[in-house]
Every structure is written in structure tokens, then in C-alpha cells.
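Got a structure for you, questions after.
The values are calculated or read from the model by the stated rules, or taken from the named source; none is laboratory data. Here the structure is a predicted model, which means the values were calculated and not measured. Note that each Cβ is placed from the backbone with ideal geometry, even for glycine, and that neighbours are counted across all protein chains shown. What goes into the accessible areas is simple: the full protein's heavy atoms, side chains included, and nothing from ligands, DNA or RNA. Shrake-Rupley method; radii C 1.70, N 1.55, O 1.52, S 1.80 Å.
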Amino acid sequence: MKKVFLPIISLFMIIILCGSVKTSAKDNSYVKTCREYTDGIIEHEMSLTGTDSIEAWISKALAEDIGGTAEWYMLGLLQYPYASGKEAAGIEKGAGKYRSALENYVASKDIKGGSVRLKFALLLIASGSDSAFISEVLDDGTIGSQGIMSYVFGLHILNNGYESDSISLENLLTNLMEKQHEDGGWSISGGYGDVDVTAMTLTALAPYSDPETCKQRGLDADLISESISAGINFLSEKQLEDGDYQSYGARNAESTAQVITALSALGIDCAGDSRFIKNGNTPIDGLSLYRKNNGSFSHKLDDSENATATVQTFYSLVAYERFASGKGSLFLIKNPAVKDGEIEDSGEIPGTKETGGITEEGKAEETKEIPETGETEESEESEKTEETVGITEEGETEETKEIPEAGETEDTGEIPEIEENEETGKTGKTQETGKTRETDKAKMSAKAENNGNKPLGYKLYAIIAILAVSAFVCALLALLKKHRKNILFTLIVTAAAILFVIFTDFASTKDYYGGAERNNYSPDGMINVQNDNVPDPEADGIKVDISSCKVSMSIRCDIIKDRTDNKYIPADGCILDDTDFEIHDGDTAYDVLVRAAREYGISVDHKGSGEMIYISGINYLYELDYGDLSGWVYKVNGKLPSVGCAAYKLEPQDRVEWCYTLDLGNDTFGN
């Protein structure tokens with residue numbers, strides 16, 4: 001019997017050992033992957049800037065890029081857990097020059113955006129500065145002045161032992177938790193959570209996942225734990241099958257990077273926790289999909305490299321490396337333990353005492369996980385959740401269609417067809433509003449009626465030309481005594497060409513956008529509605545005022561008009577004053593912007609395609625020109641939609657405003 005059982009037992013032990021080695025190797029491989037990626041990004045950035053050392057890169061490039069991507073590279077470098085020897089010395093020397101450059105920058109600039117001011121204060125702290133700007137930002141009411149992100153950055157500073165005269169830690173935490181939506185997430189606007197904002201909020205809340213820390217600060221540990229747990233569940237449910245994430249229907253690297261940063265701060269191994277492994281893929285696997293051959297990262301799949309995606313990936317991987325090596329959160333500078341408002345470098349991080357990181361062998365140490373809301377045990381797979389797009393007139397968000405599966409097109413994957421538009425509750429379909437609007441069927445009839453009365457124009461000449469060429473070819477084939485099949489083929493091609501001419505319309509920009517024929521506008525400025533199923537306008541006198549089929553649009557950059565001598569920025573900040581534009585069924589905010597650009601000679605630059613078009617520049621004023629939260633946003637009837645401009649279908653009388661922002665749109669209200 002021993003001869004039988006001994007081989008079986010030995011084989012069983014070998015299988016167990018092999019499985020253990022495989023798991024350990026897998027865990028260790030993620031740490032190695034992160035180090036490979038971070039090193040690759042550093043090498044890529046040094047190559048781009050023509051520098052040959054980290055010190056030179058910081059001194060010559062990052063110190064001259066204040067307000068761009070420099071701050072986040074510096075945070076990652078200053079918190080890089082594996083820097084040693086010459087590399088560590090280079091970071092230290094370069095950091096001194098960056099610190100001086102940042103101090104000069106904040107002293108000489110009139111920085112308005114709340115989140116931007118707090119970001120600079122945080123980087124001053126990280127670089128070892130004692131600038132008066134830090135206390136100024138903490139005490140002048142900047143925290144919470146411009147929405148959720150100013151609370152998040154403010155909390156990061158308080159987490160590092162600083163105090164604010166304008167808001168207490170307890171009130172700040174209360175404000176943040178009150179902004180949490182029912183789905184467990186947070187967002188800048190709207191009523192449903194956004195992956196990026198949720199992850200950034202959880203990163204700031206991470207120190208208070210430790211009940212002992214809450215007790216020391218006199219905070220309600222249960223309430224905070226419940227809030228954090230709901231946020232974690234939200235992120236788990238939003239993860240795609242490839243391990244990555246999407247925001248507003250668009251799969252992207254930045255959302256995935258923010259999740260890695262948050263989980264690392266919370267002491268959750270994103271490469272080992274079953275809640276964040278979908279179809280065998282972790283967030284790090286998902287992020288790898290966006291890596292380019294030169295070491296940089298793209299915003300979306302199979303796109304060119306992107307500076308924002310690359311820098312966010314960099315510090316997210318540093319965050320994971322800190323977790324793996326037991327160093328704690330990326331945003332806790334030098335691992336301070338908060339105690340009575342003073343910073344003590346104890347090496348212990350509030351809220352992560354039970355997180356041991358990953359051992360040298362690559363095996364993740366035991367981590368006490370935050371329980372999921374309403375559950376006693378975690379499940380490996382989250383049910384696919386529904387994407388949120390609309391807000392009713394009462395302000396309540398409504399669910400629409402499910403998030404597209406990984407692999408579908410975007411500007412990654414197309415947003416599901418929007419049934420309701422953000423903040424207004426308006427559907428993309430035609431709604432009846434009495435006699436001042438045509439029904440869908442009436443519009444179709446009007447178009448058909450118009451086409452029937454329209455002169456043949458170029459089409460008649462095109463058809464004659466096609467028939468003439470066809471006759472010549474057939475005659476030539478007959479003369480040469482070619483097979484009948486050749487003549488038959490010619491006739492088929494002729495028929496196809498004629499059909500193409502009949503069913504297509506070519507028009508100049510002027511005719512397409514403003515031509516009366518296209519919209520059946522009559523000379524008296526009214527739209528005649530004719531259809532068998534609606535009253536005849538001549539018989540019943542029913543007309544639709546053309547003004548009811550117009551929207552107004554303006555383009556402004558008031559917030560920076562006094563900060564630059566850029567010749568493209570008007571003195572009054574007005575690029576285009578309120579101007580009326582005629583709209584057609586299905587026109588979007590993007591359609592009207594393009595129309596304005598063509599009619600008034602305004603430059604417009606965009607990224608992406610389809611419904612995922614993103615406006616990166618207007619009138620030679622671009623995103624990130626004035627900070628990493630700057631760029632163009634649009635409002636409809638005074639509210640920021642939660643869908644892209646190419647997905648927002650306009651309705652008559654809508655008021656569209658394009659505004660340049662320094663703080664993700666939060667500073668555009670009241671302009």
C-alpha cells in the first residue's frame with residue numbers, strides 16, 4: 001500500500017508547490033512589470049527633453065514646465081520607493097531646483113483655480129518647501145471653493161499634518177461624504193458616479209479606512225468605512241473584462257491609473273484582490289493595453305502617445321510599487337503619521353497598518369480588507385452595471401443602457417444611444433410641443449416635398465453624361481465584336497452610377513448649413529409643414545416660426561482675459577457673442593460649433609470621433625495651456641452635460657455656452 005500511496009502523495013505535494021510558486025511568481029511579475037514601465041517612462045521623457053540624467057530632466061525640463069505635467073512627475077519621483085545611489089541623489093538635487101522654480105511661480109502668478117492652488121501647495125510640501133503660499137491656500141477658503149476636487153486636494157494636505165483655519169478635518173470629510181451618490185461613486189457634476197473622481201476621492205479618504213486613525217482624530221469610523229466600502233464596490237462593478245476602465249463611455253488609461261492609485265492607497269492589492277480581477281485580468285493588465293513601444297502610454301486603445309495618460313500612468317505605478325514595498329500611499333509625503341497637527345516621520349501610514357505590501361519573494365502579505373457594503377463575503381465577479389447619462393428635470397439621474405463590453409469601439413466604445421440628455425431630461429427624439437414644432441413624420445414629408453420641387457441641377461447633367469459615356473462604350477464593344485457579357489456589365493455599372501447620383505447630394509458648405517432649400521424655408525422666414533397626416537398649411541394656415549428652430553451659442557474665455565497677452569484672446573474674453581444658429585433634427589452641440597467655426601473663421605481642434613469627440617482647442621486656445629485642469633467645456637441652458645458635445649442633441653431655444661476653464665468647469669458658473 002505504501003508503494004501506491006507514496007507516489008500519489010508526492011505528486012499531490014508537487015502540484016501544491018507548483019501552484020504556490022506560480023502564484024508567487026505571478027504576484028512578483030506585476031511588481032517587475034511596474035518597475036519596467038516606470039523606468040520606460042522616465043527614459044522616454046528624458047529622450048523627449050534631450051536630457052541624459054534624472055537630475056538634468058528635473059532641472060531643465062520639469063522645472064520649466066510648472067503647471068503642465070511636471071507636478072505629477074515630481075510627486076512620483078519624490079515618492080519613488082526604489083530610488084537609490086546616483087538615481088536618488090539626482091532626484092534630490094533636481095528637486096531643489098524644481099522647488100525654487102515652483103516657489104517663484106506661485107509668488108509671481110495670480111493663480112485663481114482652487115484645485116490648481118491646492119495642487120501647487122501639495123507639491124510645495126512634497127518638495128520640502130516652507131512657502132507662505134501653503135498656509136495662504138489653507139486659510140483663505142480655497143478648500144471647497146470650487147467643488148469636489150478642491151475638497152480632495154485639500155484633504156491630501158490635511159492628511160499630511162497641516163491644519164486649515166477655514167475648514168476643519170471633520171467638516172471637510174462630511175462635505176466629501178455628502179457628495180457621494182447612491183451608486184457609491186462621486187462625480188464633478190450629475191447624479192451618478194464617475195470612475196476618475198471616485199478613485200481620486202477614495203485616495204484622499206484612504207488614511208481613514210483605519211478605525212484607529214479615526215478614533216485618534218475623533219471621527220466616526222463606521223460612517224467613513226461605509227462610505228469607502230461603497231466607493232470600492234462602485235469601482236469593482238465598473239471594471240471591464242480586460243481589466244481597464246472607462247469614463248463617460250470611453251475606455252482610457254487615465255481612469256485605470258486612478259483606480260490603481262486609489263486601491264494602492266487603501267492597501268488593496270489590485271493584482272491579487274478578486275474584486276478587481278475580471279476575466280483573469282487585473283487593472284495593471286488593463287493599463288498595459290495602452291502602452292506604446294517607446295514606453296509612453298496612450299489615452300485610448302491603439303492611439304498615439306498622450307502626455308496626460310503617460311504621467312498619470314507613471315504615478316499610479318509608483319503608487320502600486322509603494323504599496324508592494326510597504327511604503328504606503330503616494331500622497332502621504334514621507335509617510336507622516338498625523339498627530340496633534342504635527343508631522344512625525346514614523347514610517348507608519350494612517351489607515352494602512354494592517355497592510356504589509358508584497359514580500360521580496362513577490363507574495364502578497366495578508367491585508368485586512370474593507371468589507372463590502374451589505375455583503376458578508378466578496379464575490380469574484382461583479383454584475384455588469386448600467387452607464388448613467390441623463391438627469392431628469394427634478395435633478396435625479398436616470399439609468400440608460402449598459403456599459404459596452406470591452407473591445408467595442410470607443411473613441412473607444414461608442415456611448416450607447418442617449419435617450420436622455422444631461423441635466424435637462426430632454427430626449428434625443430422629437431417631442432410634441434404644440435403647433436410650434438413638426439413631428440418626425442411631418443419633417444420627413446417636408447423633406448420629401450422639398451426634394452420633389454427642387455431643380456434637378458447638377459444631377460440631370462451627371463445622368464446625361466453617364467448615359468453618353470455608357471452608350472459610347474457599348475457601341476465600341478459592339479464594333480469590336482466583344483462578348484455580350486461585356487456590354488451587360490457596362491449597363492450594370494451605368495445603372496449603379498445613375499442610382500448613386502440620384503440618391504446622393506453634394507452641396508457647398510454655404511448651401512449645406514444655410515441653404516433655404518435644404519430646410520424648406522420659404523421666403524417669408526417660415527417653415528411650411530405639408531403631409532397627408534397633418535393639416536395643409538395653405539388650407540389651415542399652420543406655419544412654424546423659424547425662430548423656434550434656432551439655438552444660441554457663445555464662446556468665451558473670460559477667466560484668462562487678464563492673464564495673458566495672447567493675440568488670439570479678445571480683451572473682453574468674448575470670442576463669439578450670443579449668436580443664433582438654425583438647427584436640424586438630430587443636430588448636436590458639436591454640429592453647431594463646427595457651423596460657427598466655418599461661418600466666423602474660428603479655429604477648432606478636436607480629438608476622437610463619433611460621439612466621443614472632445615474639443616481640445618478653440619481659437620488657438622488649448623487644453624492644459626493654463627494648468628492640468630484647464631480646457632474647454634460646454635454648458636447647455638446653464639448646466640454642464642455629462643455627455644460629449646457630439647452626443648448631446650439640441651432642441652430649439654437651447655442656449656449653448658463654450659467656456660474656457662481652469663478647474664474642469666467649476667469656475668465657469670457666474671461668467
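For the stretch 174-201, how many residues meet the condition of being part of a helix (DSSP H, G or I) and free of Cβ contacts under 8 Å to residues at least 24 places away in the same chain?
Result for the stretch 174-201: 2.
List the number of the failed condition for residue 609; all other conditions in (1) closer than 30 Å to residue 67 by Cα; (2) among the small types (Gly, Ala, Ser); (3) surrounded by 15 or more Cβ atoms within 10 Å (Cβ to Cβ) hold.
The one condition residue 609 does not meet is (3).
Filter the stretch 270-290 for residues that are open to solvent by 10 Å² or more (accessible area, probe 1.4 Å), within 25 Å of residue 303 (Cα to Cα) and touching a strand residue (DSSP E or B) at 6+ places or on another chain (Cβ under 9 Å) and give the result.
Selection gives 289 alone.
Moving on. Among the numbered criteria (1) within 27 Å of the chain's Cα centre (by Cα); (2) under 24 Å from residue 561 (Cβ atoms); (3) in contact (Cβ under 8 Å) with a residue 40 or more places away in the chain, which one does residue 607 miss?
The one condition residue 607 does not meet is (2).
Do we find a residue being under 25 Å from residue 107 (Cβ atoms), in contact (Cβ under 8 Å) with a residue 60 or more places away in the chain and outside any helix (DSSP H, G or I) anywhere in the stretch 48-67?
yes
Could you please tell me which pairs satisfy a Cβ distance under 9 Å, a separation of 6+ or placement on different chains, a first residue in the stretch 263-283 that is modelled with pLDDT of 95 or more, and a second residue that is open to solvent by less than 10 Å² (accessible area, probe 1.4 Å) and part of a strand (DSSP E or B)?
Note: pairs meeting the criteria are 283/245.
Going by the structure shown, is residue 550 of a type in the set (Lys, Arg) and modelled with pLDDT of 50 or more?
In short, yes.
Select from the stretch 623-671 the residues that are open to solvent by 10 Å² or more (accessible area, probe 1.4 Å), on the phi > 0 side of the Ramachandran plot and within 17 Å of the chain's Cα centre (by Cα) and list them in ascending order.
624, 664
With the stretch 91-173 as the region, which helices (runs of 4 or more DSSP H) entirely inside it contain at least 2 residues that are under 23 Å from residue 216 (Cβ atoms)?
114-126, 148-159
So residue 265 clears everything in (1) buried (at least 19 other Cβ atoms within 10 Å of the Cβ); (2) within 19 Å of the chain's Cα centre (by Cα) except one condition, right? Which one?
Going through (1) buried (at least 19 other Cβ atoms within 10 Å of the Cβ); (2) within 19 Å of the chain's Cα centre (by Cα) one by one, residue 265 breaks only (2).
Under 9 Å by Cβ, and 6 or more places apart or on different chains, what pairs join a residue from the stretch 556-580 that is in contact (Cβ under 8 Å) with a residue 12 or more places away in the chain with one that is open to solvent by 80 Å² or more (accessible area, probe 1.4 Å) and among the hydrophobic types (A, V, I, L, M, F, W, C)?
From residues that are in contact (Cβ under 8 Å) with a residue 12 or more places away in the chain, the pairs are 561/571.
Are any residues in the stretch 96-134 closer than 17 Å to residue 163 by Cα and without any contact (Cβ under 8 Å) to a residue 24 or more places away in the chain, and if so, which ones?
130, 132
Still on this structure, please answer the following. Quick one: count up the residues across the stretch 202-234 that are farther than 15 Å from residue 245 by Cβ and in a helix (DSSP H, G or I).
The number of residues fulfilling the criteria is 22.
Step by step: first the residues of the stretch 592-606, then only those that are assigned to a loop (DSSP other than H, G, I, E, B) and in contact with a strand residue (DSSP E or B) (Cβ under 9 Å, 6 or more places away or on another chain), then the one that is surrounded by the most Cβ atoms within 10 Å (Cβ to Cβ). Which residue is that?
602
Return the residue satisfying two criteria in turn: it lies in the stretch 291-335 and is among the polar types (S, T, N, Q) and free of Cβ contacts under 8 Å to residues at least 24 places away in the same chain, and of such residues it is surrounded by the most Cβ atoms within 10 Å (Cβ to Cβ).
Per the criteria, the residue is 335.
Right, residue 240: hydrophobic (A, V, I, L, M, F, W, C), in contact with a helix residue (DSSP H, G or I) (Cβ under 8 Å, 6 or more places away or on another chain) and part of a loop (DSSP other than H, G, I, E, B) or not?
yes
Yes or no: the stretch 581-591 includes at least one residue that is within 24 Å of residue 560 (Cα to Cα) and either in a loop (DSSP other than H, G, I, E, B) or free of Cβ contacts under 8 Å to residues at least 12 places away in the same chain (or both).
Looking for residues that are within 24 Å of residue 560 (Cα to Cα) and either in a loop (DSSP other than H, G, I, E, B) or free of Cβ contacts under 8 Å to residues at least 12 places away in the same chain (or both), one finds none in the stretch 581-591, hence no.
Does residue 296 count as farther than 23 Å from residue 32 by Cβ and of a type in the set (S, T, N, Q)?
Against the criterion (farther than 23 Å from residue 32 by Cβ and of a type in the set (S, T, N, Q)), residue 296 does not qualify.
Further question: Quick one: is residue 594 free of Cβ contacts under 8 Å to residues at least 40 places away in the same chain and within 30 Å of residue 194 (Cα to Cα)?
Criteria met by residue 594.
Can residue 100 be described as surrounded by fewer than 20 Cβ atoms within 10 Å (Cβ to Cβ) and out of contact with any helix residue (DSSP H, G or I) (no Cβ under 9 Å at 6 or more places or on another chain)?
no
Could you tell me whether the stretch 593-605 includes any residue that is more than 14 Å from residue 655 (Cβ to Cβ), polar (S, T, N, Q) and at pLDDT 90 or above?
yes
Could you look through the stretch 553-572, keep only residues that are at pLDDT 85 or above and charged (D, E, K, R), and pick out the one that is nearest to residue 658 (Cα to Cα)?
556
Starting from residues that are modelled with pLDDT of 85 or more and surrounded by 13 or more Cβ atoms within 10 Å (Cβ to Cβ), keep the ones in the stretch 494-516 and report whichever is farthest from residue 551 (Cα to Cα).
494
Residue 649 is checked against (1) under 20 Å from residue 246 (Cβ atoms); (2) of a type in the set (Lys, Arg); (3) at pLDDT 90 or above and fails just one. What number does that condition carry?
(1)
Answer yes or no: is there a residue in the stretch 28-38 that is outside any helix (DSSP H, G or I) and in contact (Cβ under 8 Å) with a residue 40 or more places away in the chain.
No, every residue in the stretch 28-38 fails to be outside any helix (DSSP H, G or I) and in contact (Cβ under 8 Å) with a residue 40 or more places away in the chain.
Tell me yes or no: at least one residue of the stretch 83-95 is touching a residue at least 40 places away in the same chain (Cβ under 8 Å), surrounded by fewer than 22 Cβ atoms within 10 Å (Cβ to Cβ) and not basic (Lys, Arg).
No - not one qualifying residue is present in the stretch 83-95.
For the stretch 215-237, does any single residue satisfy the condition of being within 22 Å of the chain's Cα centre (by Cα), at pLDDT below 95 and of a type outside the set (Asp, Glu)?
no
In the stretch 570-584, is there at least one residue being within 30 Å of residue 303 (Cα to Cα), open to solvent by less than 30 Å² (accessible area, probe 1.4 Å) and of a type outside the set (Phe, Trp, Tyr)?
Scanning the stretch 570-584 turns up no residue that is within 30 Å of residue 303 (Cα to Cα), open to solvent by less than 30 Å² (accessible area, probe 1.4 Å) and of a type outside the set (Phe, Trp, Tyr).
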